[in-house]
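Shown next, in structure tokens, is the structure this report addresses.
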Amino acid sequence: TFTIDPAISGTPVTDFSYTTPICTNGTNPVPATVVGFTTGGVYSSSVGLSINSSTGEINLASSSPGTYIVTYFVAATACSSAGSSTFDITINPLNTIASGTSQTVCINSAITNITLATTGATGATFTGLPAGVTGSWSGNVATISGTPTASGTFNYTVTTTGGCPPATTTGTITVTPL
């Protein structure tokens, strides 16, 4: 004879992950699960993240940018204990940058600072500026300033970094000789 011990129970497999970070304009992410994943659980997160509780698919159009903890919970059954896992996902905002401007100055005269407001960026790169003119980024503002030391027409480009996806703007600085 043999007996079956009803006290022996299994532990659900609940590990999952998302590709992160993701942009607010990206494809709705779905969780990637591990081999043996226990289905039938419930996905949840905090306010601001729109998530399908059955599939774990995140609706980016209805979610706010930020970092969220997603929880997957499987309730206990007669044959297994309860189990859960969490995963952090970050949704980055879209980058924007104000339109570049054009300006004409005399050589060796300071330009009027060009300030370009940005959103969703962590910095900016600057190309095409005349000698003596530099770009900087601080507090969500890209600033071009300085005194050009060469004449000519300079088409500059400012591209944001960080966030999703990079945003670009262009403008022109015309430096006339004395």
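Between residue 67 and residue 30, the contour length at 0.36 nm per residue exceeds the Cα-Cα span by 11.7 nm. When cysteine pairs in the chain are screened for C-beta atoms closer than 4.7 angstrom, the residues that find no partner are 79, 106. Would you mind pulling out the separation of the Cα centroids of the stretch 105-119 and the stretch 144-178, in Å? Value for the Cα centre distance between the two parts: 9 Å.
Between residue 134 and residue 84, full extension at 0.36 nm per residue minus the direct alpha carbon distance yields a gain of 12.8 nm. What's the carbon and sulfur percent of the stretch 124-177's accessible surface, probe 1.4 angstrom, rounded to a whole number? Of all accessible area on the stretch 124-177, carbon and sulfur atoms account for 53 percent.
Legend: P(r) of the chain from all alpha carbon pair distances, 10 Å bins from 0, whole percents, reading 9, 26, 18, 14, 13, 9, 6, 3, 1, 1, 0. Look at the alpha carbon pairs under 8 Å that are at least 6 residues apart: their mean separation over the length of the stretch 22-100 gives a relative contact order of 31 percent. Taken along the Cα-to-beta-carbon direction at a fixed 7 Å, the label points for residue 145 and residue 94 span 3.1 nm.
Note on residue 125/residue 47: beta-carbon distance plugged into 1/(1 + (r/R0)^6) with R0 of 45 Å gives a FRET efficiency of 0.80. Proximity of backbone amide H atoms, modeled 1.01 Å from N, is registered between residue 100 and 170 at under 5 Å, excluding neighbours fewer than 5 places apart on the same chain. Remark: the residue 75-residue 174 segment gains 28.8 nm on full extension, using 0.36 nm per residue and subtracting the alpha carbon distance.
The values are calculated or read from the model by the stated rules, or taken from the named source; none is laboratory data. Just so we're clear, the structure is a prediction, and the values are computed from it rather than from any experiment. Heads up, the Cβs are rebuilt from the backbone with ideal geometry, glycines too, and the neighbour counts pull from every protein chain shown. Heads up: the accessible areas ignore ligands, DNA and RNA and are worked out on the full protein's heavy atoms, side chains in. Shrake-Rupley method; radii C 1.70, N 1.55, O 1.52, S 1.80 Å.
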